[in-house]
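Enquirer: The structure is given below, and queries will be raised subsequently.
The values are calculated or read from the model by the stated rules, or taken from the named source; none is laboratory data. Just so it is clear, the structure is predicted and the values come from calculations on it, not from any experiment. As a convention, Cβ positions derive from the backbone with ideal geometry for all residues, glycine included, and neighbour counts pool all protein chains shown.
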Amino acid sequence: MVSKSVVIGVTGGIAAYKALDVVSKLKKQDIEVNVIMTKSAAKFVTPLSFQSLSQNLVSIDTFDEPKSWEIRHISLAKKADVMLVVPATANIIGKVANGIADDMLSTTIMATKATVIFAPSMNTNMFKNPIVQNNISKLKEYGYKFIQPDSGRLACGDVGEGKLANTDVIVDSVLKELYDKKDLVGKKVLVTAGPTIAPMDPVRYITNKSSGKMGYAIAKEARDRGAEVILVHGATKIEPPFGVKTISVNTNEEMLNAVLKNFDKQDIIIKAAAVSDYKPKNYSNQKIKKKNDEFTLELVKDNDILRKLGQMKKNQILVGFAAESNDLIKNATGKLEKKNLDYIVANDITAPDTGFISDDNKVTILCRDGRVIPIEKISKREVARRLFDLINENV
C-alpha cells in the first residue's frame, strides 16, 4: 500500500486515552498520522503522548504560533487521505452538523475533502438524545461516516450504548477507507470459513483443525475492495469483521442451507471452509456411555457443498480450496474439473509453518484456463489479495 496520511481529531471525552492506541496501530501500518486535539481533550491526555506516538507536532489552538510557514488547518485538511475523530463527542458532532467552525478541529473538518469518520463515545442518554441522533443522520446524509459505538458499562456507571468501539474496529475502518483497490464495488461476494462439526451425541462431535483465518482474510479483502460480503462461518475464535454480514453455523447441513439461501444473488462464491465430509450414521440423543474397551463409529458421506454449487452455478465465479497432504496438484486438478470450479486454491497441510493456525500460507492457484500459479509463503491476507487480482480478470 502506498504511504497514506490520516489526521486524527481527539475531543474531550474520557475515552480520549484510547485514541493513543489508534495512533499506535496506524503508525505500525506505516501510515503518517497527524493529531489535532481540542483544548478539552488536552485535559484528559497530554499532547506530548500523541506527539511521541505520531512523531508529529500536535495541533490544538488555531492561533498557535506556526512552526512553519503554512496555515495549519488548511495544510492538514489537504494532507489527509482520511480524517478520523476519536472519540467523537456530542459537541463536535453537533458543531459539524450545524456548520460551526470555531476551533482547530472543526475548521479542519470543514476544510477537508477527505473522508471523515466519526467514532462516537458518550453517555448512553446523550447518544440516544434525538438531537444527537438527528445530527448524526444529517451528517450521514452529507457523506460523513460513523463507527457504531459498543454497548457496555460506561465511565459514569451507566450501562448501555455509547461506549467507544474497539480500537481494532476503528483502525480496520480507517484501513478499509484507505485501501488502494476498489474493484469490487457493486459486487456481491459470499465466503465460507472455519470448520463444521458432525455431532455423535449431545456432547461429542467430529471436526477438524481449521481456524477460519484464510476465509476471514478473504472476506476482509472483498469488503475493502468495495464488495457487499456475506461470511458463513463455523465455530472459530476470530472476532467477526465489521462491515460484513456474518452467518454462524455448526454442521455441514447448516452451512449448505445458509449458502443455498444466498447463492443466486452472489457474483463470487469462495468456499474456504473446512467442511466435514462424513458424519456419524446414527446420532444418539443420549450421551453414549462407555461400555467396552473398543468403540466402533460408523460414518456416512455428508453433503458435497462445493459440488452442488458447481452444478447450480450460472454466471457466478466459484472458487474452492483443496487442503491436501499428498499429490497436491493432481488432487486439486481433479477437484477443479469434477466440481466445475473457476479456480481452486491448493495448500499442503503438512507444511509446518503454514498450517491451519498460522497467519501465513503457501498455496498454488489452479485456474480453469489451465494456468498453475504457485505462491510462496506470504500472509493469508496477501493470498486473498492475489486471489482477487486473478478473479478480477474475469469479473
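Enquirer: Out of ALA346, ALA332, ALA322, ALA351, report the one residue that is more than 21 Å from THR192 (Cα to Cα), among the aliphatic types (A, V, I, L, M) and touching a strand residue (DSSP E or B) at 6+ places or on another chain (Cβ under 7 Å).
Expert: Of the residues listed, the single one that is more than 21 Å from THR192 (Cα to Cα), among the aliphatic types (A, V, I, L, M) and touching a strand residue (DSSP E or B) at 6+ places or on another chain (Cβ under 7 Å) is ALA351.
Enquirer: For residues in segment 247-292 being of a type in the set (Val, Ile, Thr) and touching a residue at least 40 places away in the same chain (Cβ under 8 Å), which is farthest from ASP348 (Cα to Cα)?
Expert: Once the filter is applied, the top-ranked residue is ILE288.
Enquirer: Just give me the residues in segment 373-395 being charged (D, E, K, R) and in contact with a helix residue (DSSP H, G or I) (Cβ under 9 Å, 6 or more places away or on another chain), in sequence order.
Expert: LYS380, ARG381, GLU382, ARG385
Enquirer: Mind checking which pairs have a first residue in segment 115-141 that is without any contact (Cβ under 8 Å) to a residue 60 or more places away in the chain and farther than 14 Å from ILE92 by Cβ and a second that is outside any helix (DSSP H, G or I) and of a type in the set (Asp, Glu), Cβ under 8 Å, 6 or more apart or different chains?
Expert: Every condition considered, the pairs that remain are ASN123/ASP158; THR124/ASP158; THR124/GLU161; ASN125/ASP158; LYS128/GLU161.
Enquirer: Which numbered condition in (1) assigned to a strand (DSSP E or B); (2) over 29 Å from ILE375 (Cβ atoms); (3) at pLDDT below 95 is the only one that LYS290 fails?
Expert: Going through the list (1) assigned to a strand (DSSP E or B); (2) over 29 Å from ILE375 (Cβ atoms); (3) at pLDDT below 95, LYS290 breaks only (1).
Enquirer: Among the residues of segment 375-391, is any assigned by TED's automatic domain parsing to the domain that holds ASN208, touching a Leu at 6+ places or on another chain (Cβ under 6 Å) and not hydroxyl-bearing (Ser, Thr, Tyr)?
Expert: No, every residue in segment 375-391 fails to be assigned by TED's automatic domain parsing to the domain that holds ASN208, touching a Leu at 6+ places or on another chain (Cβ under 6 Å) and not hydroxyl-bearing (Ser, Thr, Tyr).
Enquirer: Also, quick follow-up: Would you be able to say whether some residue in segment 41-51 is surrounded by fewer than 23 Cβ atoms within 10 Å (Cβ to Cβ), modelled with pLDDT of 95 or more, touching a helix residue (DSSP H, G or I) at 6+ places or on another chain (Cβ under 9 Å) and part of a loop (DSSP other than H, G, I, E, B)?
Expert: Scanning segment 41-51, I find at least one residue that is surrounded by fewer than 23 Cβ atoms within 10 Å (Cβ to Cβ), modelled with pLDDT of 95 or more, touching a helix residue (DSSP H, G or I) at 6+ places or on another chain (Cβ under 9 Å) and part of a loop (DSSP other than H, G, I, E, B), so the answer is yes.
Enquirer: Looking at this structure, is THR115 under 24 Å from the mean Cα position of the chain (by Cα) and crowded, with 20+ Cβ neighbours inside 10 Å?
Expert: No.
Enquirer: All but one of (1) in the same structural domain as LYS237 (by TED's automatic domain parsing); (2) modelled with pLDDT under 95 hold for GLY162, so report the exception by its number.
Expert: Here GLY162 clears every test but (1).
Enquirer: For VAL203, indicate whether it is in contact (Cβ under 8 Å) with a residue 40 or more places away in the chain, among the aliphatic types (A, V, I, L, M) and under 25 Å from PHE388 (Cα atoms).
Expert: Numbers: in contact (Cβ under 8 Å) with a residue 40 or more places away in the chain: yes; among the aliphatic types (A, V, I, L, M): yes; under 25 Å from PHE388 (Cα atoms): no.
Here the answer is no, as VAL203 does not meet what is asked.
Enquirer: Return a yes/no flag: does segment 171-190 have any residue that is surrounded by 19 or more Cβ atoms within 10 Å (Cβ to Cβ) and in contact with a Pro (Cβ under 9 Å, 6 or more places away or on another chain).
Expert: For segment 171-190, residues surrounded by 19 or more Cβ atoms within 10 Å (Cβ to Cβ) and in contact with a Pro (Cβ under 9 Å, 6 or more places away or on another chain): present.
Enquirer: May I pose another question? What strands (runs of 3 or more DSSP E) completely inside segment 293-370 contain at least 3 residues that are in contact with a helix residue (DSSP H, G or I) (Cβ under 6 Å, 6 or more places away or on another chain) and under 28 Å from PRO280 (Cα atoms)?
Expert: 317-324
Enquirer: Also: Any residue in segment 323-342 that's farther than 17 Å from ALA274 by Cβ: show its pairings with residues that are at pLDDT 95 or above and assigned to a helix (DSSP H, G or I) at Cβ separation under 6 Å, as long as the two are six or more apart or on different chains.
Expert: ASN340/GLY310
Enquirer: In this structure, is LYS128 of a type in the set (Lys, Arg) and buried (at least 20 other Cβ atoms within 10 Å of the Cβ)?
Expert: No, not satisfied.
Enquirer: Among the residues in segment 223-240, are any assigned by TED's automatic domain parsing to the domain that holds LEU341, exposed (fewer than 13 other Cβ atoms within 10 Å of the Cβ) and touching a strand residue (DSSP E or B) at 6+ places or on another chain (Cβ under 9 Å)?
Expert: no
Enquirer: So for segment 227-235 (the condition being closer than 23 Å to LYS176 by Cα and not hydrophobic (A, V, I, L, M, F, W, C)), does at least one residue qualify?
Expert: yes
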